[in-house]
Amino acid sequence: MQREWLGQGKYKDNNMKAFLKILFNKYYEISHNPSLDKLYYSEIHKIREQIYDSPMSNFTVQTLADEIHLSKSYFHRLYKEYFHTQPISDLILAKIEYAKQLLATTYHSVSDIATLLGYPSDAQFIKQFKKISGITPGKYRKMLEEKPK
C-alpha cells in the first residue's frame, strides 16, 4: 500500500480505494467472526496466508496439516468450516492467480510457468487454468496484450 500511495501510477486513487476497502472488509470479517475463538483458527489462517504468499511451493493438504500436527481429515474439516472452501481449492487458486500475474508481467512461456508452479505437465496446468479462468493461459495473455493502454 505504501508503494502505491507514494507512487505516481495512473490508477493510484482507484487502487488505494480498493486497498482500503479490502482492509476494512478484513477488519470487519475478523471482528465479527465467531470462528476466531475456535480451535486452531489462527494456525490455519496462517497456513492460508502461506498458501497465497508462496504459490510456487509444492504444498499438499497433508504437508499443511502436518505443520500444525493435525490429521489430514481434521485439518480439511476445520479449513472448510473456517473459510468455506477446501484447502486444495485455495492451493489451486493461489497458483492460478500467480500464473495470471506472470502471464501479465513476464515473457515466460506457458510451459515455463507450469514448471515454475510445480505442475507435472503443461496440459494439467492449462486444464486447471481454463477451469478457473474460463480461457487458456495463451488466450489470457493474448487478451491482455490486446487491451488498450
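Could you rank ILE44, ILE88 by how accessible they are, 1.4 Å probe, largest area first?
Details: ILE44 0, ILE88 75 Å².
Largest accessible area first, the residues go ILE88, ILE44.
Just by accessible area at a 1.4 angstrom probe, what is the order of LYS142, LYS38, LYS12 from largest to smallest? Before the final figure, lay out the partial values.
Details: LYS142 120, LYS38 90, LYS12 50 Å².
Highest to lowest solvent-accessible surface, that is LYS142, LYS38, LYS12.
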With every protein chain left in place, what is the accessible area of PHE19 in Å² (1.4 Å probe, nearest 10)? 80
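Compute the length gained on full extension between SER42 and THR136: take 0.36 nm times their separation in residues and subtract their Cα-Cα distance, giving the result in nm to one decimal. Could the numbers behind the result be given before it?
On the way: separation 94, 0.36 × 94 = 33.84 nm, distance 3.57 nm.
Extending this stretch completely gives an extra 30.3 nm.
How much accessible area per residue does the chain have, in Å², with a 1.4 Å probe? Working shown, then result.
Details: 10400 Å² over 149 residues.
On a per-residue basis, the chain sits at 70 Å².
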With a 1.4 Å probe and all protein chains left in place, how much of the accessible area of the chain comes from carbon and sulfur atoms, in whole percent? 56
Using +1 at the Cβ of each Lys and Arg and -1 at the Cβ of each Asp and Glu in the chain, identify which of TYR119, LEU39, TYR79 lies farthest towards the dipole's positive end. TYR119
For Cα extents along the principal axes in Å, which listed value, [x] 60, 32, 21; [y] 48, 40, 23; [z] 40, 34, 30, comes from the coordinates shown? [y]
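The values are calculated or read from the model by the stated rules, or taken from the named source; none is laboratory data. What you see is a predicted model; the values in this text were computed from it and never measured. Ideal geometry is used to build each Cβ from the backbone, glycine not excepted, and the neighbour counts take in all protein chains shown. We work out accessible area using only protein heavy atoms, side chains counted, and drop any ligands, DNA or RNA first. Shrake-Rupley method; radii C 1.70, N 1.55, O 1.52, S 1.80 Å.
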